[in-house]
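What follows is a set of notes on a single structure, which appears directly below.
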Amino acid sequence: SQPRIELGILNEQELKSVAKKFSYCLSDGDVVILSGEIGSGKTTFVRGLVTGLGCSEHIVTSPTFTLMNVYSCLKTIYHIDAYRLNNLEEIFYVLEGEIEEKDGIFIIEWGELVKEFFLEDFVTIFFEHIDESHRKLSITADQTRVELIRRCMNVG
Ligand code: ATP
Ligand code: MG
(Lines give C-alpha, C1' and ligand atoms only; values in the text may rest on other atoms or scores of the structure.)
(Ligands and ions follow the chains in the order given, each with its own letter.)
Protein backbone atom coordinates (compact mmCIF):
# COMPACT_ATOMS: atom_id res chain seq x y z
CA SER A 1 0.00 0.00 0.00
CA GLN A 2 1.06 3.59 -0.54
CA PRO A 3 2.72 5.58 2.25
CA ARG A 4 0.43 8.00 4.01
CA ILE A 5 0.91 11.27 5.85
CA GLU A 6 -1.57 11.77 8.68
CA LEU A 7 -2.42 15.44 9.10
CA GLY A 8 -4.66 14.85 12.11
CA ILE A 9 -8.09 16.07 13.13
CA LEU A 10 -8.48 19.72 12.22
CA ASN A 11 -10.95 22.52 12.76
CA GLU A 12 -11.75 24.77 9.80
CA GLN A 13 -9.00 27.29 10.52
CA GLU A 14 -6.42 24.55 11.00
CA LEU A 15 -7.52 22.87 7.79
CA LYS A 16 -7.01 26.10 5.87
CA SER A 17 -3.57 26.59 7.44
CA VAL A 18 -2.55 23.07 6.46
CA ALA A 19 -3.76 23.75 2.92
CA LYS A 20 -1.73 26.93 2.78
CA LYS A 21 1.38 25.07 3.91
CA PHE A 22 0.68 22.34 1.38
CA SER A 23 0.51 24.95 -1.42
CA TYR A 24 4.22 25.65 -0.90
CA CYS A 25 4.94 22.04 -1.88
CA LEU A 26 3.27 22.32 -5.29
CA SER A 27 4.82 22.87 -8.71
CA ASP A 28 3.38 23.35 -12.16
CA GLY A 29 2.09 20.10 -13.59
CA ASP A 30 1.04 18.67 -10.23
CA VAL A 31 -2.30 16.92 -9.98
CA VAL A 32 -4.01 16.87 -6.59
CA ILE A 33 -7.09 14.74 -6.04
CA LEU A 34 -9.37 15.75 -3.16
CA SER A 35 -11.34 12.75 -1.99
CA GLY A 36 -14.11 12.78 0.59
CA GLU A 37 -17.86 12.92 1.03
CA ILE A 38 -20.04 15.98 0.46
CA GLY A 39 -19.27 18.73 2.97
CA SER A 40 -16.01 17.14 4.08
CA GLY A 41 -14.02 20.30 3.36
CA LYS A 42 -12.56 19.91 -0.12
CA THR A 43 -13.54 23.36 -1.38
CA THR A 44 -12.56 24.86 1.98
CA PHE A 45 -9.13 23.29 1.50
CA VAL A 46 -8.79 25.03 -1.88
CA ARG A 47 -9.62 28.35 -0.14
CA GLY A 48 -6.67 27.86 2.18
CA LEU A 49 -4.45 26.65 -0.62
CA VAL A 50 -4.81 29.75 -2.82
CA THR A 51 -3.84 32.03 0.07
CA GLY A 52 -0.43 30.37 0.03
CA LEU A 53 -0.11 31.37 -3.60
CA GLY A 54 -0.90 35.02 -3.02
CA CYS A 55 -4.63 35.03 -3.73
CA SER A 56 -7.56 35.88 -1.49
CA GLU A 57 -9.62 32.90 -0.37
CA HIS A 58 -12.71 34.72 -1.56
CA ILE A 59 -11.90 34.05 -5.21
CA VAL A 60 -12.64 30.36 -4.64
CA THR A 61 -16.12 29.13 -5.41
CA SER A 62 -17.38 25.61 -5.73
CA PRO A 63 -17.11 24.66 -9.41
CA THR A 64 -20.68 23.40 -9.34
CA PHE A 65 -22.12 25.26 -12.28
CA THR A 66 -18.91 26.25 -14.00
CA LEU A 67 -17.05 23.33 -15.52
CA MET A 68 -13.88 24.56 -13.98
CA ASN A 69 -12.56 27.60 -12.14
CA VAL A 70 -9.18 29.05 -13.05
CA TYR A 71 -7.35 31.11 -10.44
CA SER A 72 -4.40 33.18 -11.61
CA CYS A 73 -2.35 33.30 -8.43
CA LEU A 74 1.46 33.03 -8.21
CA LYS A 75 0.80 29.79 -10.01
CA THR A 76 -2.25 29.01 -12.11
CA ILE A 77 -4.77 26.77 -10.39
CA TYR A 78 -7.33 24.71 -12.31
CA HIS A 79 -10.09 23.87 -9.84
CA ILE A 80 -12.39 21.11 -11.06
CA ASP A 81 -15.27 19.24 -9.44
CA ALA A 82 -15.49 15.86 -11.16
CA TYR A 83 -18.68 14.86 -9.32
CA ARG A 84 -20.74 17.43 -11.13
CA LEU A 85 -19.25 17.04 -14.57
CA ASN A 86 -21.65 15.49 -17.02
CA ASN A 87 -19.06 14.99 -19.65
CA LEU A 88 -15.68 14.12 -18.21
CA GLU A 89 -14.14 13.39 -21.60
CA GLU A 90 -15.05 16.84 -22.81
CA ILE A 91 -13.32 18.78 -20.08
CA PHE A 92 -10.18 16.69 -20.32
CA TYR A 93 -10.16 17.17 -24.06
CA VAL A 94 -10.27 20.91 -23.44
CA LEU A 95 -7.52 20.65 -20.82
CA GLU A 96 -5.24 18.33 -22.77
CA GLY A 97 -2.86 21.11 -23.78
CA GLU A 98 -2.48 22.45 -20.24
CA ILE A 99 -2.02 18.99 -18.83
CA GLU A 100 0.68 18.17 -21.37
CA GLU A 101 2.45 21.51 -21.02
CA LYS A 102 2.28 21.21 -17.22
CA ASP A 103 0.95 24.73 -17.33
CA GLY A 104 -0.53 25.05 -13.87
CA ILE A 105 -1.71 22.96 -10.95
CA PHE A 106 -4.79 20.76 -11.17
CA ILE A 107 -6.92 20.46 -8.05
CA ILE A 108 -9.77 18.04 -8.57
CA GLU A 109 -12.59 17.45 -6.11
CA TRP A 110 -13.93 13.89 -6.44
CA GLY A 111 -10.84 13.34 -8.58
CA GLU A 112 -10.80 9.60 -7.89
CA LEU A 113 -13.47 9.48 -10.61
CA VAL A 114 -11.06 10.82 -13.25
CA LYS A 115 -7.72 9.28 -12.34
CA GLU A 116 -7.44 7.62 -15.74
CA PHE A 117 -7.00 11.01 -17.40
CA PHE A 118 -3.67 11.49 -15.68
CA LEU A 119 -0.79 9.26 -16.65
CA GLU A 120 1.60 10.78 -14.19
CA ASP A 121 1.58 10.31 -10.49
CA PHE A 122 -0.81 12.37 -8.48
CA VAL A 123 -1.23 13.27 -4.86
CA THR A 124 -4.46 12.28 -3.11
CA ILE A 125 -5.81 14.04 -0.04
CA PHE A 126 -8.49 12.19 1.92
CA PHE A 127 -11.11 14.11 3.91
CA GLU A 128 -13.05 12.42 6.66
CA HIS A 129 -15.99 13.97 8.49
CA ILE A 130 -15.40 13.64 12.25
CA ASP A 131 -18.04 15.98 13.66
CA GLU A 132 -19.69 19.31 12.79
CA SER A 133 -16.47 21.27 13.11
CA HIS A 134 -13.70 18.73 12.60
CA ARG A 135 -12.26 16.88 9.62
CA LYS A 136 -9.51 14.28 9.49
CA LEU A 137 -7.01 14.64 6.66
CA SER A 138 -4.35 12.39 5.19
CA ILE A 139 -2.18 12.47 2.09
CA THR A 140 -1.03 9.62 -0.12
CA ALA A 141 1.27 9.57 -3.11
CA ASP A 142 4.19 7.48 -4.26
CA GLN A 143 7.08 7.03 -1.81
CA THR A 144 9.31 9.73 -3.31
CA ARG A 145 6.56 12.29 -3.39
CA VAL A 146 5.41 11.52 0.14
CA GLU A 147 8.96 12.05 1.42
CA LEU A 148 9.15 15.40 -0.37
CA ILE A 149 5.82 16.52 1.05
CA ARG A 150 6.80 15.37 4.56
CA ARG A 151 9.92 17.49 4.41
CA CYS A 152 8.22 20.42 2.76
CA MET A 153 5.36 20.51 5.30
CA ASN A 154 7.60 19.46 8.16
CA VAL A 155 5.15 16.81 9.37
CA GLY A 156 5.40 13.18 10.47
P1 ATP B 1 -18.75 19.00 -1.96
O2 ATP B 1 -18.42 17.54 -2.19
O3 ATP B 1 -20.23 19.20 -1.89
O4 ATP B 1 -18.07 19.90 -2.97
P5 ATP B 1 -16.78 19.88 -0.02
O6 ATP B 1 -16.01 18.69 0.45
O7 ATP B 1 -16.16 20.75 -1.05
O8 ATP B 1 -18.23 19.40 -0.48
P9 ATP B 1 -17.02 22.31 1.53
O10 ATP B 1 -17.76 23.03 0.46
O11 ATP B 1 -15.61 22.69 1.78
O12 ATP B 1 -17.10 20.73 1.30
O13 ATP B 1 -17.88 22.46 2.83
C14 ATP B 1 -17.42 22.17 4.11
C15 ATP B 1 -18.39 22.77 5.09
O16 ATP B 1 -18.09 22.33 6.39
C17 ATP B 1 -18.30 24.30 5.11
O18 ATP B 1 -19.59 24.81 5.33
C19 ATP B 1 -17.40 24.57 6.30
O20 ATP B 1 -17.67 25.83 6.90
C21 ATP B 1 -17.80 23.44 7.23
N22 ATP B 1 -16.74 23.02 8.15
C23 ATP B 1 -16.91 22.85 9.46
N24 ATP B 1 -15.80 22.42 10.04
C25 ATP B 1 -14.88 22.30 9.07
C26 ATP B 1 -13.52 21.89 9.07
N27 ATP B 1 -12.88 21.50 10.18
N28 ATP B 1 -12.89 21.88 7.90
C29 ATP B 1 -13.52 22.26 6.77
N30 ATP B 1 -14.81 22.66 6.70
C31 ATP B 1 -15.48 22.68 7.85
MG1 MG C 1 -16.69 21.25 -2.98
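The values are calculated or read from the model by the stated rules, or taken from the named source; none is laboratory data. Quick caveat: nothing in here was measured; it's all calculated off a predicted structure. Virtual Cβ from ideal backbone geometry, glycine too; neighbours counted across all protein chains shown. Accessible surface areas use protein heavy atoms only, side chains included; no ligands, DNA or RNA. Shrake-Rupley method; radii C 1.70, N 1.55, O 1.52, S 1.80 Å.
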Flagged pairs (Cβ under 8 angstrom, 6 or more apart or on separate chains; first in the range 123-139, farther than 15 Å from Gln2 by Cβ; second of a type in the set (Val, Ile, Thr)) are Ile130/Ile9; His134/Ile9; Arg135/Ile9; Lys136/Ile9; Lys136/Ile130; Leu137/Val18; Leu137/Ile125
In the range 67-97, which residues are within 16 Å of ligand 2 (Cβ to nearest atom), modelled with pLDDT under 75 and of a type outside the set (A, V, I, L, M)? Arg84
Quick one: in the range 30-53, which of the residues that are more than 8 Å from ligand 1 (Cβ to nearest atom) and open to solvent by 20 Å² or more (accessible area, probe 1.4 Å) is farthest from the chain's Cα centre (by Cα)? Thr51
Tell me, please, whether a residue that is without any contact (Cβ under 8 Å) to a residue 40 or more places away in the chain, surrounded by fewer than 16 Cβ atoms within 10 Å (Cβ to Cβ), farther than 27 Å from Arg4 by Cβ and touching a Leu at 6+ places or on another chain (Cβ under 9 Å) can be found in the range 98-119. no
Considering only the range 93-115, state which residues are in contact with a Ser or Thr (Cβ under 6 Å, 6 or more places away or on another chain) and more than 16 Å from ligand 1 (Cβ to nearest atom). Gly104
Conditions first: (1) assigned to a loop (DSSP other than H, G, I, E, B); (2) under 13 Å from the mean Cα position of the chain (by Cα). Lys21 passes all but one, so which condition is the exception? (1)
Determine whether Val18 is among the aliphatic types (A, V, I, L, M), open to solvent by less than 30 Å² (accessible area, probe 1.4 Å), in contact (Cβ under 8 Å) with a residue 60 or more places away in the chain and within 16 Å of ligand 2 (Cβ to nearest atom). no
Looking at the range 83-92, can you tell me whether even one residue there is within 12 Å of ligand 1 (Cβ to nearest atom) and surrounded by 13 or more Cβ atoms within 10 Å (Cβ to Cβ)? yes
Of the residues in the range 120-137 that are within 16 Å of ligand 1 (Cβ to nearest atom) and exposed (fewer than 15 other Cβ atoms within 10 Å of the Cβ), the one that is nearest to the chain's Cα centre (by Cα) is His129
